[in-house]
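Trainee: Once you've had a glance at the structure underneath, I'll fire off some questions.
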Amino acid sequence: MHQGGGSETEVTWEDQQNINKFGRLNNRFHELEEEIKIAKESNESLEDASNELILTDEEVVRFQVGEVFAHVPKEEVESRIEEMKEVTSKNLEKLEEEKESIVAQMAELKKILYGKFKDSINLEEE
């Protein structure tokens with residue numbers, strides 16, 4: 001008994017590989033979205049810290065290293081924060097590029113899979 005008036009399309013090994021690849025890419029896409037969110041928050045925190053440092057008139061400030069605070073000269077803290085912002089920005093850029101690549105690969109797989117299976121397959125988020 002067929003539903004929807006269409007005929008069943010046979011799923012080949014290659015089709016199954018494409019479906020599996022789409023699933024893996026979709027999972028990575030969601031992981032990347034979370035990582036990007038965290039990287040953006042980290043960038044904002046570093047920017048806030050940098051702005052607060054500009055406002056302070058103390059020459060030696062407390063800087064958190066691991067779980068302890070150390071008294072560090074203001075200039076050294078400024079340079080450390082700038083380095084940390086650079087690293088975080090580069091990481092964010094890399095994550096955004098990977099996300100773009102995954103979106104493109106997923107679009108290509110959607111085109112292939114919807115071309116063969118039409119309404120028999122759902123690759124959209126709910």
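The values are calculated or read from the model by the stated rules, or taken from the named source; none is laboratory data. Note that this is a predicted model, so its numbers are computed, not measured. When we count neighbours, we look across all protein chains shown, and the Cβ atoms used for this are built from the backbone with ideal geometry, even at glycine. All accessible areas refer to the heavy atoms of the entire protein, side chains included, with ligands and DNA or RNA removed. Shrake-Rupley method; radii C 1.70, N 1.55, O 1.52, S 1.80 Å.
Trainee: Taking the conditions exactly as written (of a type outside the set (S, T, N, Q) and free of Cβ contacts under 8 Å to residues at least 60 places away in the same chain), does E31 satisfy them or not?
Mentor: Yes.
Trainee: State whether the residues of the range 52-62 include one that is of a type in the set (S, T, N, Q), outside any helix (DSSP H, G or I) and either farther than 30 Å from D15 by Cβ or open to solvent by 100 Å² or more (accessible area, probe 1.4 Å) (or both).
Mentor: Yes - at least one qualifying residue is present in the range 52-62.
Trainee: Looking at the range 65-97, which of its residues are part of a strand (DSSP E or B), touching a residue at least 12 places away in the same chain (Cβ under 8 Å) and among the aliphatic types (A, V, I, L, M)?
Mentor: V72, the sole residue that qualifies.
Trainee: Quick one: is E83 at pLDDT 95 or above and either open to solvent by 90 Å² or more (accessible area, probe 1.4 Å) or among the hydroxyl-bearing types (S, T, Y) (or both)?
Mentor: So E83 fits the description; yes.
Trainee: Of the residues that sit in the range 36-51 and are surrounded by fewer than 16 Cβ atoms within 10 Å (Cβ to Cβ) and touching a residue at least 12 places away in the same chain (Cβ under 8 Å), which one is nearest to the chain's Cα centre (by Cα)?
Mentor: K40
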